[in-house]
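Beneath this line is the structure, given in structure tokens, with notes to follow.
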Amino acid sequence: MVMQHLPTVVVIGNGMVGYKFCEKLLAKTSAFNLVVFGEEPRVAYDRVHLSEYFGGKTADDLLMAPLQWYHEHGITLHLGDAVQEIDRAHQTVHSRSGLVQPYDYLVLATGSSAFVPDIPGVEKEGVMVYRTIEDLEEIKACAATARSGAVLGGGLLGLEAAKALLDLGVPQTHVVEFAPRLMPRQIDAAGSQMLQTKLEALGLQIHLSKATSSIAGEGKIEALHFGDGSILEVDMLVISAGIRPRDELAKLAGLEVGMRGGIVVNDEMQTTDPRIFAIGECALHSGMIYGLVAPGYDMAEVVASQLTQGARAFTGYDMSSKLKLIGVDVASFGDPFIAEPHSRAIVFEDTHNGVYKRINISPDGKYLLGGVLIGDAEAYNMLLQTVNNKIVLPPHPEDLILGARGGEANEGAGVMSLPEEALVCSCEAVTKGAICAAVTELNVTSVDGMKKCNKAGTGCGGCVPMIKDLINGTLTAQGAYIKNVLCEHFDYSRQELFDLLKINDIRTYDAALDHFGKGDGCETCKPAIGSILSGLWNDLIVKQNTIQDTNDRYLANIQKGGSYSVVPRIAGGEVTPEQLMVIGRVAHKYGLYTKITGGQRIDMFGAHVSDLPDIWEELINAGFESGHAYGKSLRTVKSCVGSTWCRFGLHDSVSLAIEIENRYKGIRSPHKLKSGVSGCVRECAEAQAKDFGIIATEKGWNLYVCGNGGSKPQHAQLLATDVDKETLIKYLDRFLMFYIKTADPLMRTATWLNKMDGGLAYLKNVVLNDSLGICADLEAEMALLIQNYHCEWKEVVENPELRKQFTHFVNAPKVKDPTIEFEPVRGQKVVKAW
Amino acid sequence: METTVDVEWLPVCKTTDIPADGGACALVEGEQVAIFNFARRGEWYATQNLCPHKQQMALARGMIGSTGEACEPKVACPFHKRTFSLLTGECLNGDECSIQTYPIKVEDGVVYIGWA
């Protein structure tokens, strides 16, 4: 219901900024009648994350708000109906469909269009721009058959478009840039060079200093011709040579526009007609067009404030930015280019890892003025704050990009030293003061809570780590004791609960919740308690399977599409020809995709949940056991072939690997455990990348612990030297049990050691010297776990009640999930992509 | 205000078919419906089985629990832990669309879904 006597605000343009303006105005008042015209057939969508449209997001996923939102807020929305004329004398706008809409205030949020340079041949088929969902659909269609594609423009958007072409599988992707380097407006020459090297390594072909003189082809693009006479053959071209503000409507209405485009506005975002405002990429403020979303949102806030008697003004915007381009971190902040004599630069360049960092500091060494980060932008937030808040630099400013070397690093303290007015979330304009006040006054203690409270962190998300540090820092400052409580249902850490459940002899999740928790539990505490109960008693997990994550509930690894994979244990990687034939037969019978894993086993993919018990029945009858690939438990003890065959081997690494794998198999731990045994220093089993690794020496075995592969590789550290097998196993029992009892949920051994006060020296003291006097207990507790080992699959296969739970449809056990679809690849099948 | 919609109550399975404090999927009129036996609270819920995040038929295999002061019952998708209210179907930790919930009742050990 629209109240006719309310003043009317008409918004032209339903993009991100136009939408944000509506949201901001409605948050302040409902004293206006809001009418929105949009030229596109869709409601406003997120253009910043447009490339995710190729990554599986649908057009609906990208919407700023569903259509319903506009109805609920009483907004009259005209989609697919462009305004063609503004009649300033009568204060009306005229739309293409013939609507005449009066206004009291008019907001132009017309955005920009892609700038298409006047090159002969741009009209040819296969030449596109990268701007709207419709453009993306066209690119997608074209890329399906293209053998070679080029992007014209090596700026930020151009590289985004190039990523899209790579993602779409165009075999040859080229970037053509007029300037002698990539991203000339954001980063310095050395940074460009590093970025180029990294992108070329990823398969992009980059052509610099190329002026495109014409686009050749018979109706359809076939090649690009350059000013230097060279030619590049391509089937498609995406032009991303900059943006052009959509100011034609304003120009027609006699409003002042800039020489090179853009509707001229003052600090209140008013055009030369005080009843007409312009915001976003169409607005020209102090000679600047702002092509980022954050300043656009700020402009929207200014106009919403002006219309409600507020006094916000727009005074320019920091164009610092951080983004991931094709997987490479790129950031620039403050003034990235300022040079001698106005500043001095500190540069760090690591061509081996592709990292480049430059900071510009004032000549007196007191202040940070700006900089560039390529390859590693972790320090971006803090550096940006240091520039914006004119924080006095430490005596060794190089620490800002190199990290403190020697001495204690004090992470997080830096954030607390920021001034109250420091802008932490620039997308939603939330200051440090506002975040800390939410903690002290409104008892907000989580990032999710903060998002609900003041929207901080809901935009690009880049500030989330800082928000976390600020919340923890404020709580600490208040004297609150911060411990890693499990979740909202348990006010204890995992280690505390481990002791509590043990002392009170608690054996079920419900009893734990009744005694020490509140509410009904959740997906965080259920598996965590499940892991503790297993670590204490090693009961059969299928007895309480609804507290387990899906992999532990179905004793298999869920894969895309909802099918599962099956991994029988192949201890130490040793397998007989007969066993191989069994695996082959089973995989063939149930139509499973097979692959050798990184842990020297064989994984069979694509099993329907209802086939799992039958598959396992056959495997168990042939002597296999569960491989616990689904569990937070010991996966595999990888081994080299050792002294039995290898001419260098010192000891029998295979036999030890098998013995250790069988000793600890099935035991649940805070996270998965991987191990390896090498027969000599050549280390073919890669034992130093494992949670525990063993390497043969002339005199016995060396034990390494807390290594990790994965996303943050870390070498294992030497715990014991030249020990015999019995001592080795004793130390392993103690080490593993100590980890099982004290780590946080889902914390690998590497992180556990990194966070341990006293580090390796402390761990050595506990495990080798029994400094806590707990080693006898640890050994006894481990003995109990080993004694209680069951093959879970054997139990299920032999128990009809348990078997019954392995169906997709409870009321149609024979029917398989019809939505699981496979497609053929190299003689096997894989699941269809999501 | 409650609105009464005429639904047809379809018997779907036995109460013992659904694990306590867990869920299972049933085929109802060709649709996949996730049924949850919230035994701890003595409550039953039914929703669509499809998780809207990655379009996976998986919600019935998710863990259930509650959140907040009001102990709002919820289910977490096993794929990426998006959680949805079992009361309203609303996504509680992301921008996913809501999921459909269905009327459910239990009589004489049989679970019925209200089909509109």
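Take the Cα of A:V681, step 7 Å toward its Cβ, do the same at A:Q495, and the gap between the two points is 3.6 nm. If the segment from A:N266 to A:A511 were pulled out straight at 0.36 nm per residue, it would be longer than the present Cα-Cα gap by 81.6 nm.
What FRET efficiency do you get for A:Q309 and A:E340 if R0 is 41 Å and r is their Cβ-Cβ distance, rounded to the nearest 0.05?
Given R0 = 41 Å and the Cβ-Cβ separation, E is 0.25.
Measuring between their Cα centroids, the stretch A:290-305 and the stretch A:569-631 lie 58 Å from each other.
Adding -39500 (n - 2.57) for every DSSP H run of four residues or longer, then dividing by how many residues the protein assembly as shown holds, sets the calculated 222 nm ellipticity at -8000 deg cm²/dmol. Sorted largest first by accessible area at a 1.4 angstrom probe radius, with every protein chain in place, the residues B:M57, A:M382, B:M63 fall in the order A:M382, B:M57, B:M63.
Using a 1.4 angstrom probe on the protein heavy atoms only, could you order A:T431, A:T819 from most to least accessible area?
On the way: A:T431 40, A:T819 65 Å².
Sorted descending by solvent-accessible area, the residues read A:T819, A:T431.
Take each peptide in A:278-286, A:42-50, count the other Cβ atoms within 10 Å of every residue, and average; sorted highest first, the result is A:278-286, A:42-50. The modelled label-to-label distance for the pair A:N443/A:L580, using points 7 Å beyond Cα in the direction of Cβ, is 6.4 nm.
Over the C-alpha atoms of the stretch A:737-815, the Rg to Rh ratio, Rh being the Kirkwood estimate, stands at 1.25.
Here, P(r) means the percent of Cα pairs in each 10 Å bin from 0 to the largest distance; for the stretch A:232-310 it is 18, 45, 22, 9, 5, 1.
Taking the Cα centre of chain A as the origin, how large is its charge dipole in debye, to the nearest 20, when only Lys and Arg (+1) and Asp and Glu (-1) carry charge on their Cβ atoms? Don't skip to the end; give the middle numbers.
Working: 79 positive and 101 negative charges, 209 e Å.
So the dipole magnitude of chain A works out to roughly 1000 debye.
Close amide H contacts of B:E72 (hydrogens built in the peptide plane, cut-off under 5 Å, sequence separation of 5 or more or a different chain): B:T67. Return the percentage of antiparallel bridges among DSSP beta bridges fully within chain A, rounded to the nearest 5 %. Percent antiparallel among DSSP bridges in chain A is about 60. Buried on complex formation within the stretch B:15-29 (loss of at least 30 square angstrom of accessible surface versus the isolated chain, 1.4 Å probe, ligands and nucleic acids ignored): B:D17, B:P19, B:D21, B:C25, B:L27.
The Cα-based radius of gyration of the stretch A:24-144, divided by its Kirkwood radius, gives an Rg/Rh of 1.03. Cα axis of helix A:464-477 to longest principal axis of chain A: angle in degrees, 0 to 90, nearest 10? Helix A:464-477 and the main axis of chain A meet at about 70 degrees. Taking every protein chain into account, the accessible area of the protein assembly as shown amounts to 45 square angstrom per residue (probe 1.4 Å).
If I fit a long axis through the Cα atoms of helix A:133-143 and take the longest principal axis of the Cα atoms of chain A, what angle between them do I get, 0 to 90°, rounded to 10? So the helix axis and the longest Cα principal axis differ by about 60 degrees. Which residues does a label at A:C646 reach in the stretch A:579-605, if reach means a backbone N under 18 Å from a point 7 Å past the Cα toward the Cβ? Residues A:598-601 qualify, since their backbone N sits under 18 Å from the label point. In this view, the solvent-accessible surface of A:T8, computed with a 1.4 Å probe and all protein chains in place, comes to about 20 Å².
By DSSP, what percent of the beta bridges with both residues in the stretch A:127-241 are antiparallel, rounded to the nearest 5?
Working: 7 of 23 bridges.
Roughly 30 percent of the beta bridges in the stretch A:127-241 run antiparallel, per DSSP.
If you average 1/r over every pair of different alpha-carbon atoms in the stretch B:4-56 and take one over that average, what Kirkwood value in Å do you get? Intermediate values should be presented prior to the final figure.
Numbers: mean 1/r = 0.0817 Å⁻¹.
That comes to 12.2 Å for the stretch B:4-56.
Computed from the C-beta positions of A:Y789 and A:A141, the FRET efficiency with R₀ = 60 Å rounds to 0.60. In the stretch A:683-796 the Cα-Cα distances spread across 10 Å bins starting at 0 as 13, 42, 34, 10, 1 percent of all pairs. For the stretch A:540-800, the carbon plus sulfur part of the accessible surface works out to 50%, probe radius 1.4 Å. Could you compute the net charge surrounding A:A216? Neighbours are other residues with a C-beta less than 14 Å from the C-beta of A:A216; K and R count +1, D and E count -1. Net of charged neighbours comes to -4. Stokes-Einstein diffusion of the stretch A:127-241 at 20 °C, 1.002 mPa s viscosity, Kirkwood radius from Cα pairs, rounded to a whole number: 152 µm²/s.
The Kirkwood hydrodynamic radius of the stretch A:540-800, based on inverse pair distances between different Cα atoms, is 19.0 Å. Take every pair of alpha-carbon atoms less than 8 Å apart whose residues are at least six positions apart; their mean separation over the length of chain A yields a relative contact order of 7 percent. Which values of log₁₀ I(q)/I(0), to two decimal places, follow from the Debye formula for the protein assembly as shown at q = 0.09, 0.10 Å⁻¹ with a uniform point scatterer at every Cα? Debye curve over Cα of the protein assembly as shown, log10 I(q)/I(0) at q = 0.09, 0.10 Å⁻¹: -1.23, -1.45. Counting only other residues whose beta carbon sits under 13 Å from that of A:V264, what net charge do I get with K and R as +1, D and E as -1? Net local charge, A:V264 excluded: -3.
To the nearest 10 degrees, how steep is helix A:293-307 against the longest Cα principal axis of chain A, on a 0 to 90 scale? Value to nearest ten degrees: 50.
Since only A:P336, A:A720, A:N557 are under comparison, the one whose Cα sits farthest along the positive direction of the charge dipole of the protein assembly as shown, derived from C-beta charges on Lys, Arg, Asp and Glu, is A:A720. Taking a point 7 Å from the Cα of A:T58 along the Cα-to-Cβ direction, the residues of the stretch A:804-834 with backbone N closer than 18 Å to it are A:819-821, A:832-834.
The alpha carbons of the stretch B:8-115 give a radius of gyration and a Dmax of 12.8, 39 Å, in that order. For the stretch A:163-216, a Kirkwood hydrodynamic radius built from all Cα pairs, placed in the Stokes-Einstein relation at 25 °C and 0.890 mPa s, yields a translational diffusion coefficient of 203 µm²/s.
Applying 1/(1 + (r/R0)^6) with R0 = 25 Å to the Cβ-Cβ distance of B:A116 and A:K832, what FRET efficiency is obtained, to the nearest 0.05? Let's see the in-between values first.
Values: r = 31 Å, r/R0 = 1.25.
Efficiency, from the Cβ-Cβ distance: 0.20.
For the interface of A with B, what's the total buried accessible surface in square angstrom, probe 1.4 angstrom, rounded to the nearest hundred? Spell out each step's value before the answer.
Values: alone 38560 and 6850 Å², together 42370 Å².
Result for this pair: about 3000 Å² buried.
Within the accessible area of the stretch A:127-241, the carbon and sulfur atoms contribute 53%, probe 1.4 Å, all protein chains present. Indicate, rounded to the nearest 5 percent, the antiparallel portion of the DSSP beta bridges found entirely in the stretch A:540-800. So the antiparallel bridges in the stretch A:540-800 amount to around 70 percent. Label-to-label distance, A:E420 versus A:A190, with points set 7 angstrom from Cα along the beta-carbon direction: 4.0 nm. Gyration tensor analysis over the Cα atoms of the stretch A:270-336 returns equivalent ellipsoid semi-axes of 28, 12, 11 Å (largest first, whole Å). Neighbours of A:V830, meaning other residues whose beta-carbon lies under 11 angstrom from its beta-carbon, give a summed charge of +3 when Lys and Arg score +1 and Asp and Glu score -1. Counting only heavy atoms of the protein chains and using a 1.4 Å probe, B:W44 has close to 60 Å² of accessible surface.
The values are calculated or read from the model by the stated rules, or taken from the named source; none is laboratory data. It should be emphasised that the depicted structure is a prediction, and the values quoted were computed from it without experimental measurement. Cβ: placed from backbone, ideal geometry, glycine included. Neighbour counts: every protein chain shown. For accessibility, only protein heavy atoms count, side chains too; no ligands or nucleic acids. Shrake-Rupley method; radii C 1.70, N 1.55, O 1.52, S 1.80 Å.
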